[in-house]
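Here the structure comes first, spelled out in structure tokens, and everything after it is commentary.
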Ligand SMILES: [Zn+2]
């Protein structure tokens, strides 16, 4: 198994649960990680798994203890942290127990509202982003907003904090923006453990996800610095392996914070120098330091540095990102392609794409194939089929070499779509 595949296995929570500290703290992987704390007076849960794994996690909790869940904390409102609560509620109802206190940041309510408004759209983008692991029937695969559970205790505002004590153990919650605007992280001083939610997730931070809304690089870096001040001995990330030992915790938090500062400050500096996105992106790619490239906790298996450059630019900039007025109100790309094909025929473009492909310049080859594909009405079926096949071949190679799960899925989805088009066209040509 390659390093990135192995890392992704952990990221997806495909590893056994772990008990640590005094034997009363547990990490229960269920896609994302659920943390369980046992106290004399009941249980504290930090996050719940995805809905499909809710029963599994519930059973694991009940193998450990029969105590009531007294507090349920949502690190944020994403489908893999705040939706797998049903078996717990069912048990409460059956046993006539008191509903636990449910804690979230006030912005989680806005998020749940948004999920209801954009239900089908989110179902679609998540089916794209998680295509390689999505259930075949697609139904309810990710978010089911009708089942969201609103918190009964809200952290309010940007500097929000909330502490409670259960069974003599203090639980301190902090809000900081990062992957989302509703993030909460937990510090349990007596156990010396931090639960980060997705502010740390065993990959380069998921900032600049191509499908998702704006994220917050500077706030994120500062949140990790606040966590560093705790000098924790144990760290439960939102996804992936549990981190143990003060030095390891410090290393994971500090290198991630440093990488976020690096991308943030680098983009800001170049914006101030009057540069446009293309220049900023390529300059930032050229200066990405080896110490980040080589660090295991920053491996680009889910989020990646390339996406982070986009995220930071987008945070401070509008959509007009080239500085070229041609792009302000552009013509349709297929009209441009048709004009290009009037100057030089499609075969010449495709041959040029083939020669670039043979030199392993896959990205440039794709741009030339796209001229042929977009100029469809000027291209005969045989040539069009050749272009589809070449594009599919190049994308397959790119998908195989791509470390980021999200990028791989985007590319592989296109390969599947091309396969369908190729099949239909081949059938047409046989007739
Ligand atoms: Zn997550």
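The values are calculated or read from the model by the stated rules, or taken from the named source; none is laboratory data. These numbers were taken from a predicted model, which means no experiment stands behind them. Every residue, glycine among them, receives a Cβ derived from its backbone with ideal geometry; neighbour counts consider all protein chains shown.
Taking the listed residues 197, 240, the one that is at pLDDT below 95, at positive phi and either touching a helix residue (DSSP H, G or I) at 6+ places or on another chain (Cβ under 7 Å) or within 16 Å of the ligand (Cβ to nearest atom) (or both) is 240, with no other qualifying. Considering every residue within the range 37-47, establish whether at least one is in a strand (DSSP E or B) and without any contact (Cβ under 8 Å) to a residue 40 or more places away in the chain. Yes, some residue in the range 37-47 is in a strand (DSSP E or B) and without any contact (Cβ under 8 Å) to a residue 40 or more places away in the chain. Considering only the range 13-51, state which residues are surrounded by fewer than 19 Cβ atoms within 10 Å (Cβ to Cβ) and within 16 Å of the ligand (Cβ to nearest atom). Listed by number, the residues that qualify are 14, 15. Scanning the range 4-36 for residues being closer than 14 Å to residue 64 by Cβ, assigned to a loop (DSSP other than H, G, I, E, B) and under 26 Å from the mean Cα position of the chain (by Cα) gives a total of 2. The condition of being under 16 Å from residue 200 (Cβ atoms), crowded, with 23+ Cβ neighbours inside 10 Å and more than 16 Å from the ligand (Cβ to nearest atom) holds for only one of 292, 234, that being 234.
The set of residues from the range 308-338 being surrounded by 13 or more Cβ atoms within 10 Å (Cβ to Cβ) and farther than 30 Å from residue 205 by Cα comprises 334, 336, 337, 338. Considering the conditions (1) within 30 Å of residue 281 (Cα to Cα); (2) crowded, with 17+ Cβ neighbours inside 10 Å; (3) in contact (Cβ under 8 Å) with a residue 24 or more places away in the chain, residue 354 is excluded by exactly one of them, (2). When the helices (runs of 4 or more DSSP H) confined to the range 291-367 are screened for residues that are touching a strand residue (DSSP E or B) at 6+ places or on another chain (Cβ under 8 Å), those reaching at least 1 such residues are found at 305-316. Within the span defined as the range 160-175, every residue fails to be within 15 Å of the ligand (Cβ to nearest atom), under 23 Å from the mean Cα position of the chain (by Cα) and surrounded by 19 or more Cβ atoms within 10 Å (Cβ to Cβ).
Scan the range 117-125 and give yes if some residue there is over 25 Å from residue 413 (Cβ atoms), in contact with a helix residue (DSSP H, G or I) (Cβ under 9 Å, 6 or more places away or on another chain) and at pLDDT below 95, otherwise no. No, every residue in the range 117-125 fails to be over 25 Å from residue 413 (Cβ atoms), in contact with a helix residue (DSSP H, G or I) (Cβ under 9 Å, 6 or more places away or on another chain) and at pLDDT below 95.
Do you know which of the residues in the range 52-64 that are within 16 Å of the ligand (Cβ to nearest atom) and free of Cβ contacts under 8 Å to residues at least 60 places away in the same chain is surrounded by the most Cβ atoms within 10 Å (Cβ to Cβ)? Once the filter is applied, the top-ranked residue is 57.
Within the range 207-222, if we keep just the residues that are buried (at least 24 other Cβ atoms within 10 Å of the Cβ) and within 16 Å of the ligand (Cβ to nearest atom), the residue that is farthest from the chain's Cα centre (by Cα) turns out to be 220.
Restricting the range 65-78 to residues that are surrounded by fewer than 23 Cβ atoms within 10 Å (Cβ to Cβ) and touching a residue at least 40 places away in the same chain (Cβ under 8 Å) leaves a set whose member that is farthest from the chain's Cα centre (by Cα) is 70. Just for the range 79-117: of the residues that are in contact with a strand residue (DSSP E or B) (Cβ under 6 Å, 6 or more places away or on another chain) and part of a loop (DSSP other than H, G, I, E, B), which one is surrounded by the fewest Cβ atoms within 10 Å (Cβ to Cβ)? Here the answer is 106.
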